[in-house]
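Here the structure is laid out as structure tokens; the discussion comes afterwards.
The values are calculated or read from the model by the stated rules, or taken from the named source; none is laboratory data. Because the structure is a prediction, the values reported are computed rather than measured. Remember, those area values only see protein heavy atoms, side chains included, never the ligands or the DNA or RNA. Shrake-Rupley method; radii C 1.70, N 1.55, O 1.52, S 1.80 Å.
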Amino acid sequence: MTKHRLLFVCLGNICRSPMAEGAFRRAAAQQGVLDRFEIDSAGLGDWHVGQAPDARAQDAAGRRGIDISGQSARQVTREDFARFDLLLAMDGSNYEDLARLAPKRERHKIRRFLDFAPHASTKDVPDPFFGEAEGFDHALDLIEEASRGLLAALLSEEEASAKRG
Ligand code: 4NP
């Protein structure tokens, strides 16, 4: 079975997409399917390349038992569009930036992450970087819901294609 290759994308790759990478990993591990995924995250900007996630993101995730301390920020590259099956944008601006960067034939791989959280009241994970610590918790609520939704969608797709043979 080929792996699902997922890239979570935000602006700086030190707050939202590292938390999304960690939350999705944890959700997949809890269901015993982590080995079916290749998971990474990246940022559209290069300001924080090489840095660990923001301390506030590490704390908020850590309080939920999600360890993101080992991650290191990197910038999205054009090669990512070939390498990954899905690029999950944290907000509308990230989506637009990705669409501009993407080779045309790979543009269909870009999705808004919160499309997988249909009950959320927003389509954007708000950028918590310039705000208070509470913003990280709110972002994580949305991220955890979308992680569960995305995982369920991919697993049910797998099941459907296994049935088709
Ligand atoms: P992120 O948050 O996109 O969730 O990682 C940000 C981090 C840094 C900056 C902006 C957003 N910045 O402008 O440096």
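Dividing the helix sum by the residues of the chain, where each DSSP H run of 4 or more adds -39500 (n - 2.57), gives a mean residue ellipticity at 222 nm of -14000 deg cm²/dmol. Taking all protein chains as shown and a probe of 1.4 angstrom, E132 keeps an accessible surface of around 130 Å². Partner aspartates and glutamates whose Cα lies under 15 Å from the Cα of K104, excluding those fewer than 8 positions away in the same chain, are identified as E79, D80, D85, E96.
Residues R112, R83, R63, R16, ordered by accessible area of protein heavy atoms at a 1.4 angstrom probe radius and largest first, appear as R63, R83, R112, R16.
Which helices pass in the chain if a helix is a full DSSP H run, must span at least 18 angstrom along its long axis by Cα, and must have mean Kyte-Doolittle hydropathy not below 0.0?
Values: long enough: 16-30 (21 Å, -0.64); 133-164 (47 Å, -0.14).
Once both thresholds are applied, nothing remains.
Relative to the globular-protein estimate of 2.2 N^0.38 Å, the Cα radius of gyration of the chain stands at 0.98.
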